Amino acid sequence: MRLVNNLKTTLLLGALMGLCMLIGHLFLGPYGLLIGLLFGGLGNVIAFFYSDKIALASMGGREVQRQDIPWLFDMIERLCQRAGLPMPRVYICPRPAPNAFATGRSPNHAAVAVTQGMLQNLPRQEIEGVIAHELGHIKHRDMLISTLAAVMAGLITYAGYMLMFFGGGARRDNPLGLIGSLAMIILAPLAAALIQMAISRQREYAADSYAGELCGDPLKLAQALERLHADNERIPTQTPPAFHSLYIVEPLAASRAASLFGTHPPIEKRIEALRAQAARMR
């Protein structure tokens, strides 16, 4: 799994470099290739070392310390000891919809983020199941590829919005606006395809299974997923759709275009797999 993730990471960074060079060539000709190469190289450095910070900032994450939420730190620390993982940084996102995600380029540079809604609405045994799932992503080193894909897809989508903005919208008398709208039609599916290519649905099943073993009761996570799914069906999450692939369950978004970025397997199948795992562990 680590080899596959490393290969996907290399391909994503190469794709970013190629995209920058292509844009440079289209706008500036042969000299634009060099400029694109420089911007692509800088983009790769930023994406590799700072993609986690970009993701956390986009979701309004605020780092907290043990004295802020002692019981949550005790829970994470206990699970990390069982998993043989270093203690990650802990973030709280001011979102009413209950959810969580993990990010970071390695287990030694990892962060776990939970929403305010999850802390307020889920019982602690279900939160334990959710945290165990996120530690599964850290253990399997899923976070770098997931965060890189989300950041790059977000940048591609943002580029389309910028073209539309500077073009003044899709008015018929404004060719730049039409170009921007056309670019958005092309770039949004391209960004979504990037997410789909990089992130396998199997990673969620693997993290679910690992969580069931780690916390000792797969039903903790199964019950949490039921509650998370129900709440996220009615409470929208105001964060960039490209980052929704990081969450443990697919958030409800105000934009219909967000459905393009869906990467999660059906919640019913995940719950079914966890219940079967619980039956085997009895």
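The values are calculated or read from the model by the stated rules, or taken from the named source; none is laboratory data. In this text, all values refer to a predicted model and were calculated from it rather than measured experimentally. FYI the Cβ positions are ideal-geometry reconstructions off the backbone, even for glycines, and counts take in every protein chain you see.
Taking the range 228-254 as the search range and keeping residues that are in contact (Cβ under 8 Å) with a residue 40 or more places away in the chain and surrounded by fewer than 18 Cβ atoms within 10 Å (Cβ to Cβ), which one is farthest from Asn121 (Cα to Cα)?
Gln238
If Asp173 satisfies every condition in (1) farther than 17 Å from Gly129 by Cβ; (2) modelled with pLDDT of 55 or more; (3) not in a helix (DSSP H, G or I) but one, which is the exception?
(2)
Any residue that is aromatic (Phe, Trp, Tyr) and within 24 Å of Pro240 (Cβ to Cβ) - is there at least one of those in the range 67-83? Before you say what the answer is, go through the steps one by one.
Of the residues in the range 67-83, the ones aromatic (Phe, Trp, Tyr) are 71, 73.
Checking the rest, the ones that are also within 24 Å of Pro240 (Cβ to Cβ) come to none.
No, the conditions are met nowhere in the range 67-83.
Hey, among the residues in the range 130-170 that are of a type in the set (D, E, K, R) and in a helix (DSSP H, G or I), which one's modelled with the highest pLDDT? Outline the logic, then answer.
Residues of the range 130-170 that are of a type in the set (D, E, K, R), as a first pass: 134, 139, 141-142.
Next cut, in a helix (DSSP H, G or I) only: 134, 139.
Details: Glu134: 97, Lys139: 93.
Among them, the one singled out is Glu134.
Does Ser200 satisfy the condition of being modelled with pLDDT under 90, surrounded by fewer than 20 Cβ atoms within 10 Å (Cβ to Cβ) and assigned to a loop (DSSP other than H, G, I, E, B)? Show your work before the answer.
Numbers: modelled with pLDDT under 90: yes; surrounded by fewer than 20 Cβ atoms within 10 Å (Cβ to Cβ): yes; assigned to a loop (DSSP other than H, G, I, E, B): yes.
The answer is yes for Ser200.
Quick one: which of Ala102, Ala97, Ala55 is within 19 Å of Gly117 (Cβ to Cβ), part of a helix (DSSP H, G or I) and at pLDDT 70 or above? Walk me through how you get there before you give the answer.
Numbers: Ala102 fails: part of a helix (DSSP H, G or I); Ala97 fails: part of a helix (DSSP H, G or I).
After ruling out the rest, the residue left standing is Ala55.
Name the residue that is modelled with the highest pLDDT, counting only residues in the range 255-280 that are within 18 Å of Ala55 (Cβ to Cβ) and surrounded by 20 or more Cβ atoms within 10 Å (Cβ to Cβ).
Thr263
Yes or no, residue by residue, for (1) in a helix (DSSP H, G or I); (2) among the hydrophobic types (A, V, I, L, M, F, W, C); (3) at pLDDT 95 or above:
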| residue | (1), (2), (3) |
| --- | --- |
| Cys80 | yes, yes, yes |
| Met87 | no, yes, yes |
| Ile92 | no, yes, yes |
| Val114 | no, yes, yes |
| Met118 | yes, yes, yes |
| Glu128 | yes, no, yes |
